[in-house]
């Protein structure tokens, strides 16, 4: 089964549905996301709008790239 990726806008909309009273069980069934992924989104992005979520995702990606660059440079200096 191919792993589905959700955009920041989609995640924000899904979390908003939960905030508006839709159950977690209904959401995971409707969107085909695991309960673990849903609760991880809720913990990490709960209360954010789609713009804040986009910024957070961009910062996480930039951080990942910088860590990778740092690791490569550290290995080169050995």
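The residues of the stretch 44-57 that are part of a helix (DSSP H, G or I) and within 12 Å of residue 11 (Cβ to Cβ), listed by number, are 44, 45, 50, 52, 53, 54, 56, 57. Restricting the stretch 32-41 to residues that are touching a residue at least 24 places away in the same chain (Cβ under 8 Å) and part of a helix (DSSP H, G or I), the residue that is nearest to the chain's Cα centre (by Cα) is 41. Within the option set 57, 40, 22, being touching a helix residue (DSSP H, G or I) at 6+ places or on another chain (Cβ under 6 Å) and surrounded by 11 or more Cβ atoms within 10 Å (Cβ to Cβ) holds for one residue only, 57.
Throughout, read-outs are computed from the coordinates displayed, never taken from laboratory work. Keep in mind the model is a prediction, meaning the values are calculated, not measured. Quick reminder, even Gly has a Cβ in these numbers, built from the backbone with ideal geometry, and neighbours come from all protein chains shown.
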